[in-house]
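Working notes for the structure below.
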Amino acid sequence: MRKLFVILILSFFISSNANSLDKTIAIFDFYKPLPEINLSIGSPITTAYESLKGNLTKGCSVQYGENMDKHAIINMNVSEYDFLNYAMKNKIQIICNDVKYKFFNKNNKLKEEEVLLMFNVCNGIIVDYDISTFLDVSIFGKNPKIVNDWVKYFKKYSLEEPILEKKEIEQEFLGEKDKYEIERKYWSHEIIHENENVGFIFVQTYIKKNKKYEWSKGSNSISFKSLFSYTKRSNNC
């Protein structure tokens, strides 16, 4: 009960801080790129933190301080009140490299994968995030369902076609050189509102296939980034 009371009190103050941010943050429509995790541009750190905890196996690293040069680790042993109270009044960056999340494969069945998740918090409000993971093309296909969802959201702001890149590269590892086929596709758009840049959205797929292994369809590095403009944030962010 005490834990719930603390969260509610912090949520009230974070909501007040959110009101001090430029209202254009609502343009992002509180979209959750990972639907089962309550994280979006404009969402309170309280709700994101509570939701994210269930998908962690380890802790997350935190950068904080006036110059973002201090480091710490947060995990389930850290006082939630201390962590959230600090995040409510300051800027922090959180990096979680062991987030477990289930994606739909090409057979429409869920399969758990590991996700790298980075996001910045300003006065208790999430102002940007960067999500990435590697999906096996033979299991998820070249166009994973989650990417199609991201692109659908992207098209609410822009109908621009993606940039396509195909090339062959050579890389050396432990003295052995291999050739790789690269297929990259990305969508990038700056959100303009009343002649001002208020943010940025980026979606990417990057398929890399080792030509030596003809049986392999390669690995797809997918990523989604969204950012609320620095000029629209509070002065202390």
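The values are calculated or read from the model by the stated rules, or taken from the named source; none is laboratory data. Nothing here was measured: the structure is a model prediction, and the numbers come from that model. Methodologically, a virtual Cβ is constructed for each residue, glycine included, from the backbone with ideal geometry; neighbour enumeration extends over all protein chains shown. Calculation scope for accessible area: heavy atoms of the full protein, side chains included, ligands and nucleic acids excluded. Shrake-Rupley method; radii C 1.70, N 1.55, O 1.52, S 1.80 Å.
Overview of values
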read-out: Spatial separation of Cα centroids for region 26-70 and region 162-220, in angstrom; value: 25
read-out: Exposure of K185 as accessible area (Å², to 10), given a probe of 1.4 Å and all protein chains; value: 50
read-out: Length added when fully stretched, F30-D130, from 0.36 nm per residue minus Cα-Cα; value: 34.5 nm
read-out: Theoretical ellipticity at 222 nm over the chain - DSSP helices of four or more residues, -39500 (n - 2.57) apiece, nearest 500; value: -6500 deg cm²/dmol
read-out: Formal net charge of residues neighbouring I131 (Cβ-Cβ distance under 13 Å; K, R +1; D, E -1); value: -4
read-out: Relative contact order %, region 66-183, counting alpha carbon pairs below 8 Å whose residues are six or more apart; value: 17
read-out: For region 157-237: rounded, prolate or oblate by the Cα gyration tensor [a/c cutoff 1.5]; value: prolate
